[in-house]
Amino acid sequence: MATAEQVTLSEPHPPKEASIKAFDEILPNLKDELTEVRRNHDKHEPEYFRAVKHLDDNQLTSFDSSNLEYVRVAETAYGLHLFGKVKLPALDDGYIHVRIFISAKDGTDGRDLEERQAKLHSIHTEEVVKADGDHVYRAVFGKNDQLEWFET
């Protein structure tokens, strides 16, 4: 598994055709996973999704590839790691950060778009421990929050 220390993440940029194709490929799974992650966190730590607690699942997942505002990409020997910042249309300043892994389909070298397959790796959830020991949790970010490498 690649880590932030092992690869170079590109500068943020608008998504190109390959990124949009990968995002569209994982979109149904992303929407299912996002609602599942919210339900699981609501049971134990509802603060993660506090910013969207007033939204139903359809409102929360009303995004499509036109809401993929920018991406960052890291290349490894075994594929591409695509990080995306996705605008949640139902919020004025609400975004999710997603990580997609793109690899070559079996029997191909993955050079052509048609030879690539995308898989949702994770939706970013963040836990920050403040100096006083207090914990802050979130899965919904703002426009000014940087899209950085993440595992979860």
Among (1) at pLDDT 95 or above; (2) out of contact with any Pro (no Cβ under 7 Å at 6 or more places or on another chain); (3) within 13 Å of A22 (Cβ to Cβ), the one test that A90 misses:
(3)
Under the condition of being touching a Ser or Thr at 6+ places or on another chain (Cβ under 7 Å) and assigned to a strand (DSSP E or B), which residue from segment 117-131 is farthest from A90 (Cα to Cα)?
Q117
Log entry, pairs with first residue in segment 137-152 being at pLDDT 95 or above, second being of a type in the set (S, T, N, Q) and surrounded by 12 or more Cβ atoms within 10 Å (Cβ to Cβ), beta carbons closer than 7 Å, six or more apart or on different chains, reads A139/T125
Considering segment 132-152 alone, what residues qualify as being among the hydrophobic types (A, V, I, L, M, F, W, C), crowded, with 16+ Cβ neighbours inside 10 Å and either out of contact with any helix residue (DSSP H, G or I) (no Cβ under 8 Å at 6 or more places or on another chain) or assigned to a strand (DSSP E or B) (or both)?
F141, L147, W149, F150
State all residues of segment 87-125 that are free of Cβ contacts under 8 Å to residues at least 24 places away in the same chain, more than 18 Å from T76 (Cα to Cα) and within 19 Å of the chain's Cα centre (by Cα); if no residue qualifies, say none.
D92
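Only one of D106, D42, D93 is assigned to a loop (DSSP other than H, G, I, E, B) and within 18 Å of E126 (Cβ to Cβ); which? Walk me through how you get there before you give the answer.
Details: D106 fails: within 18 Å of E126 (Cβ to Cβ); D42 fails: assigned to a loop (DSSP other than H, G, I, E, B).
Selected residue: D93, the only one of D106, D42, D93 that is assigned to a loop (DSSP other than H, G, I, E, B) and within 18 Å of E126 (Cβ to Cβ).
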Name the one entry in E75, E33, E25 that is of a type in the set (D, E), surrounded by 13 or more Cβ atoms within 10 Å (Cβ to Cβ) and not in a helix (DSSP H, G or I).
E75
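The values are calculated or read from the model by the stated rules, or taken from the named source; none is laboratory data. All values derive from a computational prediction rather than experimental measurement. Quick reminder, even Gly has a Cβ in these numbers, built from the backbone with ideal geometry, and neighbours come from all protein chains shown.
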